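See structure below.
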C-alpha cells in the first residue's frame, strides 16, 4: 500500500453482508472508502468486476462478499463458484495490475474436521461441501494471480443483522418450548464486529512507515482470524438464550430478532449431526488456530464467550482487542 500522505482509496465489496456492514463503518480509519453491495456490483459478472475496479483504481480491495448459503450451494454450485471462486480471482488479477493490496475472507469449511485440534494455516485442506470447495478455489485463484494479498479464514460468523445462528436461535426461542441443537460439531463462534475490528488493526499497521521494513513475501498469505476458545452449537445456543433472558430492556437489534415477543423455550436438547441431516456436510471439528495473526500483527480476538457478551452489552467492536503498537 502507498506510504504517501494522501489517504489510500479502498474498494469494499459486500457492504451489506455481516462482515461488510461492520467494515463499511470502520474502514474510513484507513482510507477513502467506496463501498458496494449486490445492487452496485454483480460478482457473477467478471467484466463488470473489472470495469468497477478500473474505475475506482483502489490502493486496497477488501472483498467481504461471498455466497454463504451452505446448504443451498449444494444445488447452486455454479453460482457459488462464480461468487466464491471466479470473482476473487478476477479481483486478484486487477489488484496485481494496480499494485493494490487484496484482502479476502475465507472459511473453516476448507477443512474436513478430522484433525481434532486447532487447524493451522498450512494444514492440508479437504472441504466436504460445495461451499467449502468454492471458497478453497477462491483462495487458490488469488494465490495464482500473485497480487499482494491477505486471506483471513474465519468461522461460525454471527452478527446483529442478517441471517446467522444467533438470530435464528432468538427467533426460534419465541416460537418453540423445546429446541434440538447439534452438540457434536465444535468450533469458535466469531462476531462480525471483531472480524472487522481485527482487519482494521492489521491494515493500520501495514500503512505505517515501520511496515516498510517488512517485505510482502514475509507477511502476505493466509491467516486464521477467529474467536479464542471453542464450543459446540448446543452450548452456544444455551449461552445466547441465557444472555437474552437477562436483558431487562432489549436493545433494538434484540427486539427485532425476537419481534418483541417473549422467549418461550424451556428446554434445549443436545442431538448429533446424524439426527439433524443437512444437504451439505459440515466438519465436526473446525477450530482454527490464530497464532500466526497474533505473531505477525499482534492481533488477538477475544474468546467466543467474551465476544457474545459484548454483543449483548453493545460495547463498541474491538475495544478488547490485544494489539501491539506498530
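A compact table of results
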{"quantity": "Selection from the stretch 46-55 of residues that are out of contact with any helix residue (DSSP H, G or I) (no Cβ under 7 Å at 6 or more places or on another chain) and buried (at least 19 other Cβ atoms within 10 Å of the Cβ)", "calculated": "52"}
{"quantity": "Residue count for the stretch 149-188, restricted to those that are under 30 Å from residue 90 (Cβ atoms) and part of a loop (DSSP other than H, G, I, E, B)", "calculated": "7"}
{"quantity": "Single residue of the stretch 137-148 satisfying the filter (modelled with pLDDT under 95 and buried (at least 16 other Cβ atoms within 10 Å of the Cβ)) that is farthest from residue 95 (Cα to Cα)", "calculated": "148"}
{"quantity": "Selection count, the stretch 197-224, where residues are modelled with pLDDT of 90 or more, surrounded by 17 or more Cβ atoms within 10 Å (Cβ to Cβ) and over 11 Å from residue 103 (Cβ atoms)", "calculated": "5"}
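For every residue, the table says whether it meets (1) in a helix (DSSP H, G or I); (2) more than 14 Å from residue 240 (Cα to Cα).
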site: 260; (1), (2): no, yes
site: 268; (1), (2): no, no
site: 292; (1), (2): yes, yes
site: 305; (1), (2): yes, no
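Every residue, every condition in (1) part of a helix (DSSP H, G or I); (2) touching a strand residue (DSSP E or B) at 6+ places or on another chain (Cβ under 7 Å); (3) within 30 Å of residue 126 (Cβ to Cβ), yes or no:
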{"position": "44", "(1), (2), (3)": "no, no, yes"}
{"position": "51", "(1), (2), (3)": "yes, no, no"}
{"position": "92", "(1), (2), (3)": "yes, yes, yes"}
{"position": "105", "(1), (2), (3)": "no, yes, yes"}
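Conditions tested, residue by residue: (1) on the phi > 0 side of the Ramachandran plot; (2) surrounded by 15 or more Cβ atoms within 10 Å (Cβ to Cβ); (3) out of contact with any helix residue (DSSP H, G or I) (no Cβ under 9 Å at 6 or more places or on another chain); (4) at pLDDT below 95.
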| residue | (1), (2), (3), (4) |
| --- | --- |
| 2 | no, yes, yes, yes |
| 6 | no, no, yes, yes |
| 13 | no, yes, no, no |
| 16 | no, yes, no, yes |
| 28 | no, no, yes, yes |
| 35 | no, yes, no, no |
| 38 | no, yes, yes, yes |
| 44 | no, yes, no, no |
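The values are calculated or read from the model by the stated rules, or taken from the named source; none is laboratory data. From a predicted model like this one, the values you see are computed outputs, not experimental measurements. Don't worry about glycine lacking a Cβ; one is built from the backbone with ideal geometry, like all the others, and counts go over all protein chains shown.
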